[in-house]
1. Give me I445, I149 sorted ascending by neighbouring Cβ count inside 10 Å, so fewest comes first.
2. Amide H to amide H, which residues 5 or more places from V336 or on other chains are under 5 Å from it, using H placed in the peptide plane?
3. 5 Å is the cut-off here: which amide hydrogens, built 1.01 Å from N in the peptide plane, fall below it relative to F119, excluding neighbours closer than 5 in sequence?
4. Applying 1/(1 + (r/R0)^6) with R0 = 41 Å to the Cβ-Cβ distance of Q489 and L399, what FRET efficiency is obtained, to the nearest 0.05?
5. Taking other Cβ within 10 Å of each residue's Cβ, how do C109, C152 sort, fewest first?
6. Using 32 Å as the Cα-Cα cut-off, could you pick out the over-long pairs in K116/K400; K400/K493; K398/K459; K407/K456; K116/K189?
7. In nanometres, what is the gap between the two model label sites at L408 and A496, each 7 Å from Cα along Cα-to-Cβ?
8. Please sort 32-42, 373-383 by packing, taking for each peptide the average over its residues of neighbouring beta carbons within 10 angstrom, highest first.
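Here, each number is a calculation from the coordinates, and none is a lab measurement. Quick caveat, the model's predicted, so the values are computed rather than measured. All Cβ positions, glycine included, derive from the backbone under ideal geometry; neighbour counts span all protein chains shown.
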Amino acid sequence: MQDFVDGLNAVIWSPALIYLCLGAGLFFSITTRFVQVRQLAEMARLLVTGHSSAKGISSFQALTVSLSGRVGTGNIAGVAAAIGFGGPGAVFWMWMVAFLGAATSYIECTLGQIYKEEFEGQYRGGPAYYIEKATGQTWYAWLFAIVTIIACGILMPGVQSNSIGNAVDIAFGAGQTFNSVLGELSVAKSLTGVLIVFMLGFIIFGGVKRIAHFTQFVVPFMALSYIILACTIIALNIEQLPAIFSMIMSDAFTPMAGVGAAIGWGVKRGVYSNEAGQGMGPHAGAAAEVRHPAQQGLVQAFAVYIDTLFVCSATAFMILITGAYNVHGPGDTFLVSNIAADIAANSPAYTQAAVESVLPGVGNPFVAMALFFFSFTTILAYYYIAETNVSYLQRHVKLKGLKLLLKLVVIASTLYGTVKTANLAWALGDVGVGLMAWLNITGIIIIFFIAKPAMKALKDYECQQKAKVKKYSFNPKALGIKNADFWQQRFNKESAEK
């Protein structure tokens with residue numbers, strides 16, 4: 001199974017996808033005139049404005065739901081894997097994919113808002129919706145929806161829960177083992193899995209509002225706590241910081257593992273972490289209650305910065321500044337060997353070792369706790385994304401019981417991932433991420449050349465900014481944007497009330 005999945009990943013994550021992710025980011029950065037830089041102040045302003053409604057969540061809640069999907073095991077175990085297999089230079093390519101990906105995130109999340117719908121009393125939207133409405137290719141939209149349900153409902157939850165289980169083992173010990181239908185299992189991992197699925201079931205059976213209320217509290221608190229700890233460790237080793245920067249930059253182009261490995265692992269883990277172009281952010285972005293689609297596009301672009309430039313960088317600096325990493329070479333060789341060879345790079349062990357080396361007795365439990373909340377909220381985001389795509393399918397075919405089945409499958413996948421090995425979980429997750437990225441990035445590029453709706457929305461928003469309007473509005477028909485039914489109906493209604 002492992003060999004088959006690894007072979008599949010070699011095809012999906014070929015250099016073509018690496019260059020597609022970076023190329024799309026560069027293309028949208030240029031065409032938007034680097035909106036991720038020009039509108040940085042507006043992004044920050046929008047975070048603290050806006051409100052929720054009976055049908056939609058606030059911009060900040062949408063940001064935290066989106067961040068709950070972005071800030072997960074990729075920020076802790078994923079960064080370690082990028083360094084462990086691609087060398088320190090992989091960190092630079094994570095930064096690059098974040099900077100360029102912020103523009104991609106603006107495009108896809110604005111599209112999510114433009115083409116969103118009201119379904120069963122809630123706002124729904126995402127790539128399946130905008131692919132169908134902007135291109136008219138329903139088969140392509142269905143393909144994305146089905147792939148996303150499989151990826152977010154089956155393949156990817158196990159990656160998050162697996163890291164939680166591994167972190168608990170490292171922090172508190174594996175304890176006794178017992179035999180089961182799944183093989184020999186750790187008591188500690190099994191109890192952790194039961195706790196996770198109990199909490200998961202309680203929240204996902206409560207709907208998107210419960211998910212949003214949970215994430216808006218947990219995500220900012222844990223992210224801030226984690227960054228503060230990282231800054232403390234960096235401050236205690238501040239004299240090494242210039243050398244670490246120099247090592248990252250020099251290794252990015254002449255890395256010990258080869259340029260291809262650094263770029264490949266940096267982009268792969270960068271996309272896995274910040275989700276720019278992957279098509280996940282638009283689902284949460286579409287659920288927001290905003291006055292103009294471009295507003296949520298800007299907010300979601302800022303989420304990429306928070307995820308990679310803040311949280312991922314915090315992890316990378318902790319690992320590199322303490323030397324708590326190895327770099328794998330061909331076969332079973334190591335190009336750099338600083339810690340025990342049997343410590344898996346695809347696990348939180350590097351990060352735990354880094355914190356533990358500076359703050360003995362704190363690192364293992366703190367990282368385990370941070371990973372629990374980061375990964376748990378990511379599983380919630382995965383469920384929401386999968387449910388949104390189930391709702392899309394139900395627009396066309398009335399499939400009773402499908403959402404209940406989805407809940408049970410996500411819970412089962414999460415429990416299985418908690419107790420099984422890391423390599424297979426990560427490989428399956430990479431399959432899901434890669435397929436979604438291929439379909440979504442191709443889709444938004446096609447949409448750009450068909451009608452440029454996200455670009456028209458940006459131009460319209462910036463015109464209203466310059467005019468200093470007190471209340472933003474969005475009229476799709478006037479901009480030549482078709483099938484944006486929700487926004488057109490809202491504009492017509494507000495015009496009639498004036």
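1. I445, I149
2. V327
3. Placed amide hydrogens put R124 under 5 Å from F119.
4. Taking R0 as 41 Å, the efficiency between Q489 and L399 is 0.95.
5. Neighbour counts put them in this order, fewest first: C152, C109.
6. Where the Cα-Cα span goes over 32 Å, the pairs concerned are K400/K493; K398/K459; K407/K456; K116/K189.
7. 4.4
8. 373-383, 32-42
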